[in-house]
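To start, the structure under review is shown below, and the notes come after it.
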Amino acid sequence: MGRNEQLSHIQAGHPLDPLTEAEVTLASEILRSEKELGVNIRFTHVQLEEPAKADVLAWRPGTHLPRRAAATVFDCKTGVTHVATVNLDARTVLAWQEHKTKVHPYGQPPVTIEEVFKVGEIVKRNQGWRHAMTRRGLSDAEIELVQVDPFSAGYFNREVEKGRRLVSAVSYWRKDAKDNGYAHPIEGVVALVDLIEDRVVQLVDETDIVLIPKRSRNYDRDSIPNMRGDVEPLDIVQRQGPSFSVEGWKVSWQNFSFRLGWTAREGLVLHQIAFRDRDRERPIIYRASVTDMIVPYADPTANHFWKSAFDAGEYGLGKLANALELGCDCVGHIHYFDVAVADDYGKPMTMKNAICLHEEDFGILWKHYEFRNGTFEVRRSRRLVVSFFSTVGNYDYGFYWYFYQDGTIQLEVKLTGIIQTAGVAPGKSYPWGGMVADGLGGPTHQHFFNARLHMMVDGERNSVTEHEFMPRPWGADNPHGNVFDTLSRTLSRERDAAREADGRTGRYWKIVNPNETNSVGGPTGYKLLVHAAPVMLAQEGCYMRARGGFASKHVWVTRYAPDERYAAGEFPNQHAGGDGLPKYIAQNRAIENEDIVLWHTFGATHVCRPEDFPVMPVEYVGFALRPNGFFAENPAMDVPPDRNAASRDNRGHNSCCS
Ligand SMILES: [Cu+2]
């Protein structure tokens, strides 16, 4: 099939469909020829430039919106960076703008895969670093085996870092190439690497030497000789197939429908989430994704104080996504989506099985036993799962969107993988976190995620209301003392809408459509359920806080603006700070009954424990959106009773309860 045929084929699709391999190729070819890009050009992404929202909403099948691609490219010998938009229909470059990386507030494109791999060689060529290893007792052969981890360098207003494209490299001793290096951190040595000049520009080699912990802590199956023998197979059987249907990038399931998208930075994007309520297709969210992360560490020593990875903006959750495999990550009847992306050189590649779609049983949906007349009704709940996993260095993050039959939408992030570690001198305790093994500590840190939810509850104009519980004083209106109030207010301006959760008052938020009236006379809405976990605990004025300002509040509401896409701004890598949500809300636009975006920061504060090693059991964080005055009654009353044909009780009978 020629490229034109492939393109005309995809043009029959939806304007939000991700680029095909042919479109990725075409986009980089147009850029290469029109801008005369040479061999030194690197691409951080080539992906769909989404059409304007108004155009998408007005689009009808059979009509065509121009296909456009967005790309960020930089010259790996000069660092000169351009942000480009390509019109794939007209085969022209629509926009070509230089992004200034050498002037304040800086901000570099994300670290590429090529750069991740070259840092080890650059560091190992450096005589100072080799000397630091020798000082710590390593032979030449051991030095060759050292694992060098490039880590985003952050920004600390040091002269050496200004205008440079950098990563900081920390090192781990390994017994052999398969050994888990994180069990053997080499403290007191940090190499700041210039990725354009391919050299170490600053080396920290502390005078005091901390003994390298040498006990191996491996997790591959060969390293676990005695696996438990009492795990029987638990098969998920769906003889008649799944209850979802997939049409291109559109998914339909149990009245829900949505479209899938993908970007290098966010990974999975959900578009146009809607619920069919009898005969009405009711929109809920126009676009949903996790746009950034920050993982600030709370250890002030040389190897750790600067660690504050923005895993989305500095690396790319989509770029580092895993190929999921049947029977491993997901079970049951699985539908996988492959995603076409660009490699560092703008060439197309397919991320096989990047997105997983499947159904799960989820316990009881609703139930009642009426003992007076023997009426017994129970329904089992199931949920639709759309997920992907991303491995960013030592950590692995799973992003799981769940849809429930009662209209609930949930995002659960699964945190697993290997913690950052710190060597601790024998006999000493570790003051900056928890000990995980002899001579091995885990620095305390926080993980923050920011979900951007472009809301569209029953239409394009929504408001956010805040609610909290307050005891009512004794008085004529509370004669028995049992009354308490639910205080409510509408967030009217952006600066007033940067909010923290409060467990004591049970503070919560609703996204409502004040132009629609529900069955009991109120606006239709969805409730945001959050966890009142700590926001960023680093001090005001600290660089990681200035750069990751989005993590200082749980809830933000902005008036929709197409160029306000990321919680930490467009170029958080080495950015001096101040971009993203704090900057967006400084405009203090009116947000009541407007086209609004709800941004929710959630996360975990992680004090490491022995059980987190060598691989951490999954920790869960996230949020949910539940219909609240959206439906006229429980929308899952019409779910039929389950047949449970494969279930058996201890007497061998089918345990079907209906
Ligand atoms: Cu952690």
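The values are calculated or read from the model by the stated rules, or taken from the named source; none is laboratory data. None of these values were measured; they are calculated from a predicted model. Glycine gets a Cβ as well: all are built from the backbone with ideal geometry, and neighbour counts include every protein chain shown. Note: accessible area is taken over every heavy atom of the protein model, side chains too, but ligands, DNA and RNA are not part of it. Shrake-Rupley method; radii C 1.70, N 1.55, O 1.52, S 1.80 Å.
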Requested in this report: Please work out how much length the chain gains when fully extended from R278 to R489, using 0.36 nm per residue of separation minus the C-alpha to C-alpha distance, in nm with one decimal.
Outcome: 72.8 nm
Query raised in the report: According to the Cα gyration tensor, what semi-axes, each the square root of 5 times an eigenvalue, does the equivalent ellipsoid of segment 437-479 have, listed from largest to smallest in whole Å?
Result: 42, 30, 6
Requested in this report: Hey, can you grab everything whose amide H is under 5 Å from the amide H of G346? Only 5+ residues off in sequence or another chain; H modelled, so Pro and N-termini drop out.
Outcome: F43
Query raised in the report: How long are the three semi-axes of the equivalent ellipsoid for segment 278-417, computed from the Cα gyration tensor as the root of 5 times each eigenvalue, in whole Å, largest first?
Result: 37, 21, 15
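If you wrap segment 521-581's Cα atoms in a convex hull and average its projection over all directions, what's the area in nm²?
Numbers: hull surface 23.9 nm².
Seen from a random direction, the Cα hull of segment 521-581 projects 6.0 nm² on average.
Order of 331-341, 212-222 by packing, highest average Cβ count within 10 Å first? Don't skip to the end; give the middle numbers.
Details: 331-341: 18.4, 212-222: 13.7.
In decreasing order of mean packing, 331-341, 212-222 become 331-341, 212-222.
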Report summary line: Helix 21-34 sits off the longest principal axis of the Cα atoms of the chain, rounded to the nearest 10 on a 0 to 90 degree scale, by 50 degrees
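Of the heavy-atom accessible surface of segment 235-319 (probe 1.4 angstrom), what whole percent is carbon and sulfur? Mind showing how you got there, number by number?
Working: 1230 of 2820 Å².
Percent of accessible area from carbon and sulfur atoms in segment 235-319: 44.
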**Report entry** segment 114-178 - percent of accessible surface contributed by carbon and sulfur, probe 1.4 Å
**Finding:** 52 percent
Query raised in the report: For the chain, with every protein chain kept in place, what is the accessible area per residue (1.4 Å probe, Å²)?
Result: 44 Å²
Query - Nearest-20 debye value, the chain charge dipole, Cβ charges on Lys, Arg, Asp, Glu - result: 460 debye
Report summary line: Computed over the chain, the distribution of all Cα-Cα distances in 20 Å bins, rounded to whole %, is 17, 49, 30, 5, 0
**Report entry** For peptides 306-314, 155-163, 577-585, 469-477, sequence by mean Cβ density within 10 Å, most packed first
**Finding:** 306-314, 577-585, 155-163, 469-477
Query - Rounded Å value of the spacing that divides the Cα centres of segment 128-185 and segment 443-469 - result: 39 Å
Query raised in the report: Cα to Cα, under 18 Å, and not fewer than 8 places away if on the same chain: which lysines meet these conditions relative to K178?
Result: K214
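State, to one decimal in nm², a quarter of the convex hull surface area for the C-alpha atoms of segment 389-430, i.e. the direction-averaged projected area. It would help to have the intermediate numbers written out before the result.
Details: hull surface 18.4 nm².
Average of the hull's projected areas for segment 389-430 equals 4.6 nm².
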Query - Residues whose placed amide H lies under 5 Å from that of E594, excluding near-sequence neighbours - result: N462
Report summary line: Over 21 Å (Cα to Cα) among K53/K527; K175/K428; K77/K347 -> K53/K527; K175/K428
Query raised in the report: Which order, highest average first, do 378-384, 458-464, 262-268, 77-83 follow once you tally other Cβ atoms within 10 Å for each residue and take the mean per peptide?
Result: 262-268, 458-464, 378-384, 77-83
